[in-house]
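The values are calculated or read from the model by the stated rules, or taken from the named source; none is laboratory data. What you see is a predicted model; the values in this text were computed from it and never measured. Cβ coordinates were reconstructed from backbone atoms using ideal geometry, including for glycine residues, and neighbour counts include every protein chain displayed. We work out accessible area using only protein heavy atoms, side chains counted, and drop any ligands, DNA or RNA first. Shrake-Rupley method; radii C 1.70, N 1.55, O 1.52, S 1.80 Å.
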Amino acid sequence: MFPNDILPGIDLYLVFLCLAVVSAIVVARLLLDKLSYKARLQNFCIYNAVASIIVGYFSAVLFQAVYNIPKYGKFQINSQTGATFYGGLIGGAAFFLLVYFLLGRRMFGKRGIHITGFFGITDVGAACIAIAHGFGRIGCLMAGCCHGAHTDAWYGIYMPGVGDKVVPIQLYETIFLFALFALIVFRIFKKKTYNLSLYMGVYGVWRFLIEYARDDYRGFTFISFLTPSQLTAVLMIIGSVVLFVVQKKLMPLMLDTPETEEQK
């Protein structure tokens, strides 16, 4: 929609990516305060999240390069490779959890506040992912990527990179993600948990369906009728159910954990 630089080397895609990161960090701080987490654990989570975002970006590019192999006939990473949300989410989340449990054990003890408060952290994480992804999709709209089919309808938006009006799937997804963010925040304020499971399940269903409306290059999988994003969406939905069951079983045990010196 507006892919040109607004300043040398800076376009609106980059601006909204930065806004996505900042919004996630601000939301994390506000919600962790709301849930009365200790400052030391808050800072640990924020620093870990920033590092995870950086790792997630490289993971997003790596996943996209793999998606592009059928298109280009080889694995390559360059300025045109792009990035995929799922790759960033998987890589960033894996890194966050690895650091959270390994370094957290050294900082807070074997059964410290990082364990008792883990599912509250995942609730906050779900809200942060939703709002960051929403701003990221605005960036996609500005860049003209991740678009829908060509159309002459009134709701079509002209994309310079496409050279035609297309269905603004990015805008629809932005609205959906901000609505999902609002729902998760509402649930957190009402002291309701299972929000990461909610996010994974609801977004997984949405992403699976919205893929049928996408008209950019989607890549291939070993299941011919599913795009890589649809296959990942299916795994995400399954993961949401697994996480819900695991949380339901483990949360009472975590809440019964005896206080450590860090918690007193």
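Numbers at a glance
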quantity: First in region 106-121 and farther than 13 Å from Arg40 by Cα, second anywhere and at pLDDT 85 or above and β-branched (Val, Ile, Thr), Cβ under 7 Å, 6 or more apart; calculated: Phe119/Thr193
quantity: Failed criterion for Leu41 (all others in (1) assigned to a helix (DSSP H, G or I); (2) more than 16 Å from Gly125 (Cα to Cα); (3) not polar (S, T, N, Q) hold); calculated: (2)
quantity: Per-region count, region 56-91, residues part of a helix (DSSP H, G or I), modelled with pLDDT of 80 or more, open to solvent by 50 Å² or more (accessible area, probe 1.4 Å) and among the aliphatic types (A, V, I, L, M); calculated: 3
quantity: Lone unmet requirement of (1) open to solvent by less than 50 Å² (accessible area, probe 1.4 Å); (2) under 25 Å from Thr174 (Cβ atoms) for Gln42; calculated: (2)
quantity: Selection within region 199-249 - among the polar types (S, T, N, Q) and surrounded by fewer than 14 Cβ atoms within 10 Å (Cβ to Cβ); calculated: Ser224
quantity: Any hit, region 172-179, residues being of a type outside the set (Lys, Arg), open to solvent by 40 Å² or more (accessible area, probe 1.4 Å), farther than 19 Å from Gly82 by Cα and not in a helix (DSSP H, G or I); calculated: no
quantity: Subset of region 188-201 (residues that are free of Cβ contacts under 8 Å to residues at least 24 places away in the same chain and closer than 10 Å to Ala126 by Cβ); calculated: none
